[in-house]
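**Student:** Below is one structure. I have some questions about it.
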Amino acid sequence: MKISIVPAFVATASIVLLGSLTVLAQAPFGGDADREFGDQLWNALEERALVGDDALMARPYEGTEPHGSILVTLDGDVEVGGESGTVIVKRNYGGQDASIDTVSDSPGDYLMAVTVMFQRQGFDPQNNDWFWAKYFPDGSYDTAPNGTALVGRAAGCISCHSEAAGDDMVYLNNRY
């Protein structure tokens, strides 16, 4: 019996692509309001020592793309501009010689990006009200190929995380 995975892959990739296009058409991201809130979010995370030079450190673990080969994930509650919500902060490490031990010893040498999910009541009910942001280590935004800041209703984040088990768009657990 001959089994072919290519058609299944093509069908799955087509569905993901179509889903991403639908999300892009429905939910623009990276505008002035998103960047302003994202700036406030970064500042709140710095105050809680979840990002920045004095950030709390947890034991790194092996990750996967698109986040990085080594990850640290922290979650909790934070207040941003008068709004309280759950936040998940994923520090994405990589580079030559990045390992659990080297990142544990010198996290600043390997930090590539910080990806954040903040559950913002009423922001995006179709996607569990998650506000998404991808920052560089200095708090500036990573951008899509067209130059749009990856903050707000980031289509790539939504399309990937909508595949997570459970209904909360979170891969590590199902408690949100």
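**Student:** Given R₀ = 35 Å, what would the calculated FRET efficiency be for D54 paired with L172, taking r from the Cβ atoms and rounding to 0.05?
**Tutor:** It comes to 0.90.
**Student:** Separate question: Assign one of three labels to segment 80-176, namely rounded, prolate or oblate, based on the Cα gyration tensor with a ≥ b ≥ c the square roots of its eigenvalues; rounded applies when a/c is under 1.5, prolate when it is not and a/b is larger than b/c, and oblate otherwise. Before the final figure, lay out each step's value.
**Tutor:** Numbers: a/c = 1.84, a/b = 1.53, b/c = 1.20.
Cα axes put segment 80-176 in the prolate bin.
**Student:** Continuing with this model, one more query. How many percent of the accessible area of segment 75-116 is carbon or sulfur, using a 1.4 Å probe?
**Tutor:** Within segment 75-116, the accessible surface is 41 percent carbon and sulfur.
**Student:** Give me the accessible area per residue for segment 25-176, probe 1.4 Å, as a whole number in Å².
**Tutor:** 52 Å²
**Student:** OK, next. By how many nm would the segment from D32 to Y61 lengthen if fully extended, with 0.36 nm per residue of separation less the alpha-carbon distance?
**Tutor:** Full extension of this stretch gives 7.0 nm more.
The values are calculated or read from the model by the stated rules, or taken from the named source; none is laboratory data. Treat the numbers as computed from the prediction; the structure is a model and nothing was measured. Glycine gets a Cβ as well: all are built from the backbone with ideal geometry, and neighbour counts include every protein chain shown. Note: accessible area is taken over every heavy atom of the protein model, side chains too, but ligands, DNA and RNA are not part of it. Shrake-Rupley method; radii C 1.70, N 1.55, O 1.52, S 1.80 Å.
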